[in-house]
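The structure appears below as structure tokens.
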């Protein structure tokens, strides 16, 4: 009885406070009244939420249920792909021809099995491409590794290569989010290198690299590189975490070195912190694992190309809302031990997705780079195109791919290293990876989990 009376009294008090709240909110303003919350104990606040503002609880429950449903759906799709990996069966393909603009023709090889789980979009699968001798290798974002002879001959299917990638990134990580994935594939000096989202300790992540001896039967990977620091997915400085901002592109460099891009995971302050490896591009010695920073001030570097002839590196990176960039990194300055700075998060052509005064003060995103001592990009895309990989196709001609814009961008660099003759070719699919081999462009298109080939002869 006493308990019921207590509840009734609490409800009456709650109603009175709610009435006062609405009256003052509409007369003197809401902000001045927020301090009155301290006059209520937890039980009274909970009763107000439950009986006076129930829609807040309902909305929160609906969001939680929706998130759980998506997680279950994601795990089901990933489980199917991992089962495909376990049974080791061939990856079947079907061929089709698509006419593009500028008299270009795309030959499409749809992967009908195996590549089920995507990175950004849950389905279908995402993947990466590289070459070894006369074979083309493909890697799914969940660890399916397969090969076949070049796509010209009569061999139809891709054959799987057994591997132990699950030892480094597997179902336990995917349970936390389907966004955790493999990030890139590189074959170099008879070895295969893979970057991935690495849970260094519980709920604390970074981007690492594993490697193994190339073969067609069973590749046993070992860890090559892993940063000591990690970004906690819950407890971090800015209370933001985004695994898509993790970088992970790897390319061969010179003198037994590879380059690895490291994103900031939305811990923006790290990009200008020389003590951190995040928001940087690293040069890693594949023999002894020694590493050094060659550039900084990066948000989410997605593409790399080392132009040996012209002695520079082209880098692409995702901006925030707007501000995707193509940057040029001078190899001469790398050799001199100079760390080149590209400005994030002080300078960017983009804007914050969610604007707050505090965020703007901390990360101003000035539209000039050079005015604040940073290197200006070769090109900024506003709005963003979802920029991805970049390759060279001939002397001073290059191609960059895009995810959001579903297009290829062909361009030339003149003697002053200025971009000229920019041409957009629409592909109508998100392009995750891009390679150039034997006068052909190879694309991994993730809207249909397909390989694309464009003959540039």
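In the set (1) touching a residue at least 60 places away in the same chain (Cβ under 8 Å); (2) closer than 28 Å to residue 284 by Cα, the condition left unmet by residue 363 is number (2). Regarding the range 123-130, can at least one residue be identified that is surrounded by 15 or more Cβ atoms within 10 Å (Cβ to Cβ), out of contact with any helix residue (DSSP H, G or I) (no Cβ under 8 Å at 6 or more places or on another chain), within 30 Å of residue 255 (Cα to Cα) and without any contact (Cβ under 8 Å) to a residue 60 or more places away in the chain? No, that holds for no residue.
One residue is enough: does the range 145-158 have a residue meeting the conditions within 16 Å of the chain's Cα centre (by Cα), touching a residue at least 12 places away in the same chain (Cβ under 8 Å) and surrounded by 21 or more Cβ atoms within 10 Å (Cβ to Cβ)?
Let us first name the residues in the range 145-158 that are within 16 Å of the chain's Cα centre (by Cα), namely none.
No, the range 145-158 contains no residue that is within 16 Å of the chain's Cα centre (by Cα), touching a residue at least 12 places away in the same chain (Cβ under 8 Å) and surrounded by 21 or more Cβ atoms within 10 Å (Cβ to Cβ).
Taking the condition in contact (Cβ under 8 Å) with a residue 24 or more places away in the chain and surrounded by fewer than 22 Cβ atoms within 10 Å (Cβ to Cβ), does residue 183 pass? Spelling it out, it is not the case that residue 183 is in contact (Cβ under 8 Å) with a residue 24 or more places away in the chain and surrounded by fewer than 22 Cβ atoms within 10 Å (Cβ to Cβ). Restricting 102, 89, 96 to those that are at positive phi and either outside any helix (DSSP H, G or I) or without any contact (Cβ under 8 Å) to a residue 60 or more places away in the chain (or both) reduces the list to 102. Got at least one residue in the range 342-350 being surrounded by fewer than 12 Cβ atoms within 10 Å (Cβ to Cβ) and assigned by TED's automatic domain parsing to the domain that holds residue 282? There is no residue in the range 342-350 that is surrounded by fewer than 12 Cβ atoms within 10 Å (Cβ to Cβ) and assigned by TED's automatic domain parsing to the domain that holds residue 282.
Residue 327 satisfies every condition listed in (1) under 17 Å from residue 368 (Cβ atoms); (2) at pLDDT below 95 except (2).
Here is a yes/no grid of residues against (1) buried (at least 19 other Cβ atoms within 10 Å of the Cβ); (2) farther than 19 Å from residue 205 by Cβ:
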| position | (1), (2) |
| --- | --- |
| 224 | yes, no |
| 235 | no, no |
| 242 | no, no |
| 249 | yes, no |
| 255 | no, yes |
| 262 | yes, no |
| 269 | no, no |
| 292 | no, yes |
| 295 | yes, yes |
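Does the range 107-117 contain at least one residue that is out of contact with any strand residue (DSSP E or B) (no Cβ under 9 Å at 6 or more places or on another chain) and in the same structural domain as residue 424 (by TED's automatic domain parsing)? No, there is no match, as no residue in the range 107-117 is out of contact with any strand residue (DSSP E or B) (no Cβ under 9 Å at 6 or more places or on another chain) and in the same structural domain as residue 424 (by TED's automatic domain parsing).
Scan the strands (runs of 3 or more DSSP E) fully inside the range 355-453 and keep the ones with 1 or more residues being modelled with pLDDT of 95 or more and over 24 Å from residue 246 (Cα atoms). Here the list reads 387-394, 397-402, 407-413, 419-426, 431-437, 440-445.
Conditions (1) touching a helix residue (DSSP H, G or I) at 6+ places or on another chain (Cβ under 9 Å); (2) assigned by TED's automatic domain parsing to the domain that holds residue 238; (3) free of Cβ contacts under 8 Å to residues at least 12 places away in the same chain, marked per residue:
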| position | (1), (2), (3) |
| --- | --- |
| 307 | yes, yes, no |
| 314 | no, yes, no |
| 320 | no, yes, no |
| 337 | no, yes, yes |
| 354 | no, yes, yes |
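Among the residues of the range 126-158, those that are assigned to a loop (DSSP other than H, G, I, E, B), farther than 22 Å from residue 390 by Cβ and either at pLDDT 95 or above or not assigned by TED's automatic domain parsing to the domain that holds residue 221 (or both) comprise 142, 143, 144.
The values are calculated or read from the model by the stated rules, or taken from the named source; none is laboratory data. A quick note: this is a predicted structure, and the numbers were derived from the prediction, not measured. Every residue, glycine among them, receives a Cβ derived from its backbone with ideal geometry; neighbour counts consider all protein chains shown.
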